[in-house]
Amino acid sequence: MENEKTKLTYRQSWKMNLRAWKIWWKLCPGVFYSTLVFSIVKASTPYVTIFLSAQIINELAENRRPEELTKWVILTLFCAAGCALLQGIFSRWANYEKAFASQMDSQIYMKKMLSLDYADIDRQAVFDLYSQIKQNAQWTGWGVHRTLSYFEELVMAVVQIMGGIGLSVSLFLLKVPQNSSLAFMNHPLCVVGIMGLMLLIAVVSPICNNQGNQYWISYASEAKQVNRSFSFYANICKDRKRAADLRMYQQQENVCNIYFSRIEHSTIAKNAKGPMGLWNALSQCITAVLTGVVYAFVCVKAWAGAFGVGSVTQYVGAITQLFQGLSKLLETMGGMRANGEFLQTSFQFLDIPNRMYQGSLTTEKRSDRNYEVEFRDVSFRYPDTDQWVLHHVNIKFRVGSRLAVVGMNGSGKTTFIKLLCRLYDPTEGEILLNGINIRKYRYDEYIRIFSVVFQDFKLLALPLGENVAGSAEYDREQVKKCLAYAGFTQRLETLPKGLDTYLYKDLKEEGVDISGGEAQKIAIARALYKDAPFIILDEPTAALDPMAEAEIYSRFNEIVTDKTAIYISHRLSSCKFCDEIAVFHEGQIVQKGTHEELVADTAGKYYELWSAQAQYYTK
Ligand code: ADP
């Protein structure tokens, strides 16, 4: 996963670009059709004007026939107008398709992000890769999206080169009269020499430009860090949730200093003024020299009598276009090579495999909810860490029972739930569902049997009803029932649009801000609506006031019905109603039993935790 880069060959870069084009072809083929037609029209338009105006000037300078002249002028006007019209039409089409493609661009990564294994989302390396891609794209547009411009530039360059050759070939074939002192220009060596010189200059210019481009590649990684801190500090300033803390601890200056020091010390900014700028300027200078050479050659040949004045404009125009096309072709090839490095990062991200989706067994749908889950000697380390967070955990859930999981902070309770929901796979040991390793089941089916309210659950800035149901289409009565179970009815009545009220203000101005406790009730209602055979509540009442907490507990059996409930809590008094309590300590289950059994063991961890809490109540 590390971003180790070796310079790509043209072939490798070309392959990467081809792959990117294939992605675009699948997403929006229209962008290729429209760009192709537009580029052909755009690249050929100058030649139409160059050719026709040369005819007019020739007629003016030599034969001066009014009818011929009128014919050429009218033809030129019509052709110029026709080309402009076609360009306008096709450019609108191409722009429309490009705008659509731009929107699809972020979707490529969003879809991948959403389909990643949970364990991968958690990894810094994946996060780094993603932010590198975003950063490359926002910085100078490198990456998958850039390949569309390359397609356009390639088509334009090829058409420009072909048109240029067509209109300028006679420049080299037409001969200076033999009696002229410049007749040596007819010598094949002279013709080849001039062509070679022009070609050389035309090739050197894009090489210099590409040399400048190389700096972007070497700076990409550093720019990621700089841009990351830019956006971090810039976002901090406008984050409402941080505003109070920033002021209370007078951090304004602290935050801004880091931001501004980053701007001052950016090596990219310094170097853009130095070698990078020089290469690009050199490239521009060489192009100017090329134009000079072309003018000199064409004018000298016309002076010597090889062709008329009109042809001078034609040849200068055509050759300038031809070399522009050639430069563009080479620059585009260089750009594609440079972009290959950025595409490599994009594909590294898009190719992250899904390990979770390898299972194929379907979980049988049981109306009796008789799903038996067993942890068999499970040990676990988080990816890319050395610390064992769970050690040899063995436990079997009794169907339909209420299990409480207790223990000190960091003892592994949440991790245990994450393994049960298969957000991570055990490092050692196995978890069985009805006797079969859960890896063998289809992942999407397996997670359907769990409803979880995580400690750090998140709701969406969507209507309340959609939040509870997890979809736009839902059973309103059932949603209301679940909200009632979670103790939200009273608040629901105060919401302006009931279930259709937007939560938060991210998407709608009239959205309502809700308190932590209210959010937790909605999250509990969401878990109930899913109606899965297992219901898991991780600190389900942490943000609730004591009244709401008491209300939920008093109706817990009613809420949970025949589901198997697993329930993590710090407040041991609220575990009493559970059939079994598992006590976690340093990643192990050190005790199991009912409240009465555990509290009777005065040497046990449960008794220690219980006594620590009890003293607050008894004092
Ligand atoms: P509890 O729920 O009992 O408070 P957790 O299961 O959240 O405990 O955490 C157990 C241990 O695992 C802690 O030491 C914690 O720092 C570590 N841990 C939790 N999440 C991660 C993670 N994503 N990556 C690495 N370590 C983690």
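The values are calculated or read from the model by the stated rules, or taken from the named source; none is laboratory data. Keep in mind that this is a model prediction, so the values were computed, not measured. Methodologically, a virtual Cβ is constructed for each residue, glycine included, from the backbone with ideal geometry; neighbour enumeration extends over all protein chains shown. Surface areas here come from the heavy atoms of the whole protein model, side chains and all, with no ligands, DNA or RNA. Shrake-Rupley method; radii C 1.70, N 1.55, O 1.52, S 1.80 Å.
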statement: Note to self, the chain gives a 222 nm [θ] from helices alone (DSSP H runs n ≥ 4, -39500 (n - 2.57) apiece, / all residues, nearest 500) of -20500 deg cm²/dmol
query: Using a 1.4 Å probe, what is the accessible area per residue for the stretch 372-614, in Å²?
result: 45
field: Cα lying deepest toward the dipole's positive end in the stretch 2-350, options 207, 285, 166, charges on Cβ
entry: 207
- prompt: Using a 1.4 Å probe on the protein chains only, how many percent of the accessible area of the stretch 372-614 belongs to carbon and sulfur?
  reply: 48
message: Report the rotationally averaged projected area of the stretch 475-599 based on its alpha-carbon convex hull, in square nanometres.
response: 9.3
- line: log10 I(q)/I(0) for the stretch 372-614, Debye formula on C-alpha points only (no solvent), q = 0.08, 0.17 Å⁻¹, two decimals, reads -0.32, -1.28
query: What angle, in degrees between 0 and 90 and rounded to the nearest 10, separates the Cα long axis of helix 30-61 from the longest principal axis of the Cα atoms of the chain?
result: 20
message: Quick check: the angle from helix 605-618's long axis to the longest principal axis of the chain, C-alpha only, nearest 10 degrees?
response: 80
query: What percent antiparallel are the DSSP beta bridges of the stretch 372-614, to the nearest 5?
result: 50
task: Kindly rank 205-218, 240-253 from highest to lowest mean number of other beta carbons found within 10 Å of each residue.
output: 205-218, 240-253
statement: The answer for the net charge of residues other than residue 203 whose Cβ lies under 14 angstrom from its Cβ, with Lys and Arg +1 and Asp and Glu -1, is 0
query: Once the dipole of the stretch 372-614 is set up with Lys and Arg at +1 and Asp and Glu at -1 on Cβ about the Cα centre, which of 527, 434, 397 lies farthest towards its positive end?
result: 434
- prompt: With +1 on each Lys and Arg Cβ and -1 on each Asp and Glu Cβ, how big is the dipole of the chain about its Cα centre, in debye rounded to the nearest 20?
  reply: 1620
query: Which value, in debye to the nearest 20, gives the size of the charge dipole of the stretch 372-614 about its Cα centre, when Lys and Arg are +1 and Asp and Glu are -1 at the Cβ?
result: 300
field: Antiparallel bridges, percent of DSSP beta bridges restricted to the chain (to nearest 5)
entry: 45
task: Any chance you could tell me what percent of the C-alpha pair distances in the chain go past 32 Å?
output: 66
query: Which residue, chosen from 336, 306, 274, occupies the Cα position most advanced towards the positive end of the dipole of the stretch 2-350, where the dipole is computed from +1 (Lys, Arg) and -1 (Asp, Glu) charges on Cβ about the Cα centre?
result: 336
query: Can you list the lysines whose alpha carbon is less than 18 Å from that of residue 7, not counting same-chain residues fewer than 8 positions off?
result: 15
